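Before any comments, here is the structure.
Quick note: the coordinates plus some simple rules give every number you see, no bench work behind them. Computed from a predicted model, the values in this text were never measured in an experiment. Cβ atoms come from the backbone with ideal geometry, glycine included; neighbour counts cover every protein chain shown.
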Amino acid sequence: MKFTRLRLNGFKSFVDPTDLVIADGLTGVVGPNGCGKSNLLEALRWVMGENRPTAMRGGGMEDVIFAGASSRPARNHAEVSLVLDNTERTAPAGFNDADILEITRRITRDVGSAYKLAGKDVRARDVQMLFADASTGAHSPALVRQGQISELINARPKARRKVLEDAAGIGGLYQRRHEAELK
Ligand code: ATP
Ligand code: MG
């Protein structure tokens, strides 16, 4: 699965609808301090089901909603959509019959998050599981947060091993085993 588009509306500093085309190859995001580069990466994590507000640099999940500026009122919703190219049919069973797969997460103040996958209402867990085996996902080692390199250098061996396991794509197996044990 390839990421081809990221759409944001009301997410953090992206108050106006923003549609980013993610072309093949390496994508660089450049801009002055505070222009929203990290917010973009957070939007990507968020739409894949990230549920820890701290991973969004917030105290609560509603902190991702545009909080207002001197000239603009705060919003009540934030929405992020991620479009995936699935022409190689690598999406997990059940999601694998279309060339394009779109995931949308929307958060509403005092209500919380709702997810859609290919236009249908789904649970957060369905979206998280979609990425669990793909070595992508909100917790993917492929998404490197600012400051994470120095954290990795200073990490204990067990934490470092977890990063290597996730990078090797076996994190999803652990997650499925854990789910199976809970049932
Ligand atoms: P740097 O180069 O310093 O890493 P950056 O381009 O990564 O900067 P971000 O951290 O993505 O910048 O963006 C920070 C900006 O986003 C700040 O101006 C902050 O006020 C704004 N911001 C964060 N959350 C919200 C929110 N909920 N509503 C409005 N603006 C927000
Ligand atoms: Mg940054």
* Structure fact -> The farthest towards the positive end of the charge dipole of the range 1-133, of the residues GLY49, PRO32, LEU20, given +1 on Cβ of Lys and Arg and -1 on Cβ of Asp and Glu, is PRO32
* Could you work out the helix-only [θ] at 222 nm for the chain, with each DSSP H run of four or more residues adding -39,500 (n - 2.57) and the total divided by the number of residues, to the nearest 500 deg cm²/dmol? -> -8000 deg cm²/dmol
* With just the Cα atoms of the chain, tell me how far they stretch along each of the three principal axes, in Å, largest first. => 49, 43, 37
* To do: Return an integer: the convex hull volume of the alpha-carbon atoms of the range 24-123, in Å³ per residue.
  => 139
* Asked: So how much slack lies between ASN76 and ALA168, counting 0.36 nm per residue of separation and subtracting their Cα-Cα distance, in nm?
  -> 29.2 nm
* Quick one: TYR115, TYR174, fewest Cβ neighbours within 10 Å first, how do they rank? -> TYR174, TYR115
* Would you kindly derive the ³J(HN,Hα) couplings of the range 98-115 from the backbone phi angles with the Karplus curve 6.51 cos²θ - 1.76 cosθ + 1.60 (θ = phi - 60°), listing them in order in whole Hz, with x for Gly and Pro? => 10, 6, 10, 10, 10, 10, 10, 10, 10, 10, 10, 4, 6, 10, x, 9, 9, 10
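With +1 on each Lys and Arg Cβ and -1 on each Asp and Glu Cβ, and nothing else charged, work out how big the dipole of the range 14-115 is about its Cα centre, in Debye to the nearest 20.
It works out to roughly 500 debye.
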* **Given charges at Cβ of Lys, Arg, Asp, Glu: the chain dipole, positive-most of ALA167, GLY147, THR108** => GLY147
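Write out the trypsin sites (Lys or Arg not before Pro) in the range 4-58 meeting two conditions: DSSP loop, and at most 15 other Cβ atoms within 10 Å of their Cβ.
ARG57
Hey, got the dipole for the chain? About the Cα centre, +1 on K and R Cβ, -1 on D and E Cβ, debye to the nearest 20?
The calculation lands at about 580 debye.
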